[in-house]
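**Q** Would you mind keeping the following structure in view while I ask a few things?
The values are calculated or read from the model by the stated rules, or taken from the named source; none is laboratory data. Computed from a prediction, not measured in an experiment: that's the story for all the values here. Every residue, glycine as well, gets a Cβ built from its backbone with ideal geometry; the counts of neighbours run over all protein chains shown.
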Ligand code: GLA
């Protein structure tokens, strides 16, 4: 099947879901078409040739005397840094008084960087408004859920829903775009920085009420979908509807998250259009996301971006390769294409409980893991700490004395390696036969009503990702509405909100010969976060499965499980399953537990033509998941990209433009040998083609087919 571009598919899919699943009075989707590039007044500049793998750093020229810039840029160039992200916190320097703009210094910084062969991504500074702004327009300040207004002096203190703030944000973005939209050294834009805080002010509440009105049209529809007859919650007037704080109606809470998503998207869109009106189409627009963070739906916000990027921090402790890989794959899935790591940790951070440093070699290990999962740039935060300000202790590449810190050496090595093998990776991306389905509605719905306080959606999602990634060496993480026909195996760890439109999409995948695996809590809720009036996983998929869920249980202690699918324990969550069709097979059963679960099915599966559907009713321990994942890939005929690798060795594959490149990372502290299915050449260190490779501790290999 030809893959539709994501925005196009999204629009088609959303309409399909709404028209299939909703009643006449149901809400219409609050979607906006993605922004189209507009013609700009001056002819586009050709732009520089981009290095294939980009090493970067966050640089704050406004914090230093101009006389120092040359030395910093010389040190950056020597490290192989080819990109700086600048200006995202420099509003007070660019607009020191309202309407008084000064971009000349920034233009000089961009030009000087270019002389050092360093390209620029400009950040719009709207996460750090200047003092004159908050002083003159105090109504722009965020009000927290306890009714307290933010004060000036930190960042992110302005409300993204404030009409006034949007106007001011648009003006600075537009001013920057007018000045730099044709600058040949500016390759792209980052809008704002790590969207996050939400405001609970009265104006936001009014906007939420209007948004609900546009969505539901009538209060009868809203009252019905939210079951407001419960606890006298019925609304007779749109103005009565509150912003949910703490415990609240699950329908209202889900819509609040969707409203936040749409309002953040509007805020972003406002700047995207301001920039697009003046910028060359070659300049990309991105935003730096934060991994599993979930205040808004990242798929919807990404629709207006050219590129997804994220900020990859470990905090306390050390790299957990599977967790980090999952977050890379998640970000790649926002636009279903390669992404950037816009910020990452140069050794240590300043905000974690213990700000330990990553070990020698670990930063490089992380950089290559990012590339293996589809990053085309890795950029360090930050080049050098300001001598004052809230982040004095954060890790850097240059110390307070202006000289390289010990980690700089490792960055120099990464820079050389990116330059050496970058061309081999040009035009390549990861390609997977297995997809994990991830959606914010389901995560929100579970978080609002966890039922077991230990049900952590990231840990649960990871319990599927870890073994599948290790066995297949290539996993996509995509939205349930994504085209699925190119996958053999599609796994939805906890698809709690499952409207009929999505269920039909998944049914088509199975009928087309794919293997669909649903995890616990799947198919329980409709699009309004109300219980479906059917057993899980809903009528459409339950009929396909020839089985369903009779009852769910929060577990106080683990329950034993065993069967053809594996042996181990269920923990935190267990559902009693039942087969309703004679050809549905039980793969795993519970052992002695609470009496209700004893001997009952925990995992069932059924062949459907050339396809298959499986339902896993419990959160299973790693041992059982290892066996089940092995079974899943075997029955789905998914092969590992390279072949079996020792534990702790991660294999990634990028393909495209007639190339196939393997990135092999030894995350362990022991040497590891990997046998190769055919002779390959290691490109970082060079040497002859071989049919096995031994990697020293924390070492990386970039393997190319022997010519
Ligand atoms: C975030 C921010 C940066 C910086 C780093 C510190 O990612 O985007 O401005 O504060 O954290 O780790």
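**Q** Keeping to segment 302-325, report how many residues are within 16 Å of the ligand (Cβ to nearest atom) and on the phi < 0 side of the Ramachandran plot.
**A** 10
**Q** Report the residue count in segment 364-376 for those that are within 16 Å of the ligand (Cβ to nearest atom) and over 16 Å from the mean Cα position of the chain (by Cα).
**A** The total comes to 1.
**Q** Which residue out of 385, 348 is free of Cβ contacts under 8 Å to residues at least 24 places away in the same chain and either surrounded by 24 or more Cβ atoms within 10 Å (Cβ to Cβ) or not assigned by TED's automatic domain parsing to the domain that holds residue 468 (or both)?
**A** 385
**Q** Residues of segment 390-400 being over 27 Å from the mean Cα position of the chain (by Cα), touching a residue at least 24 places away in the same chain (Cβ under 8 Å) and under 22 Å from residue 354 (Cβ atoms), which ones?
**A** 392, 393 - these are the residues of segment 390-400 that are over 27 Å from the mean Cα position of the chain (by Cα), touching a residue at least 24 places away in the same chain (Cβ under 8 Å) and under 22 Å from residue 354 (Cβ atoms).
**Q** So which residues in segment 61-109 are out of contact with any strand residue (DSSP E or B) (no Cβ under 7 Å at 6 or more places or on another chain), outside any helix (DSSP H, G or I) and within 16 Å of the ligand (Cβ to nearest atom)?
**A** The answer is 89, 90.
**Q** Regarding segment 670-692, can at least one residue be identified that is part of a loop (DSSP other than H, G, I, E, B), in the same structural domain as residue 540 (by TED's automatic domain parsing) and at pLDDT 95 or above?
**A** Among the residues of segment 670-692, not one is part of a loop (DSSP other than H, G, I, E, B), in the same structural domain as residue 540 (by TED's automatic domain parsing) and at pLDDT 95 or above, which makes the answer no.
**Q** From 274, 279, which residue is surrounded by 21 or more Cβ atoms within 10 Å (Cβ to Cβ), part of a loop (DSSP other than H, G, I, E, B) and away from the ligand (no atom under 16 Å from the Cβ)?
**A** 279
**Q** Same structure, new question: Loosely packed, with under 15 Cβ neighbours inside 10 Å, in the same structural domain as residue 306 (by TED's automatic domain parsing), farther than 27 Å from residue 493 by Cα and in contact (Cβ under 8 Å) with a residue 12 or more places away in the chain - does that describe any residue in segment 364-379?
**A** There is no residue in segment 364-379 that is loosely packed, with under 15 Cβ neighbours inside 10 Å, in the same structural domain as residue 306 (by TED's automatic domain parsing), farther than 27 Å from residue 493 by Cα and in contact (Cβ under 8 Å) with a residue 12 or more places away in the chain.
**Q** Would you call residue 412 touching a strand residue (DSSP E or B) at 6+ places or on another chain (Cβ under 6 Å), more than 16 Å from the ligand (Cβ to nearest atom) and closer than 23 Å to residue 364 by Cα?
**A** no
**Q** One residue is enough: does segment 425-438 have a residue meeting the conditions under 30 Å from residue 659 (Cβ atoms), in a helix (DSSP H, G or I) and more than 16 Å from the ligand (Cβ to nearest atom)?
**A** Yes, segment 425-438 contains a residue that is under 30 Å from residue 659 (Cβ atoms), in a helix (DSSP H, G or I) and more than 16 Å from the ligand (Cβ to nearest atom).
**Q** Now, a different point. Scan segment 330-345 for residues that are more than 16 Å from the ligand (Cβ to nearest atom) and either surrounded by 24 or more Cβ atoms within 10 Å (Cβ to Cβ) or at positive phi (or both) and jot them down.
**A** Those that are more than 16 Å from the ligand (Cβ to nearest atom) and either surrounded by 24 or more Cβ atoms within 10 Å (Cβ to Cβ) or at positive phi (or both): 330, 333, 334, 336.
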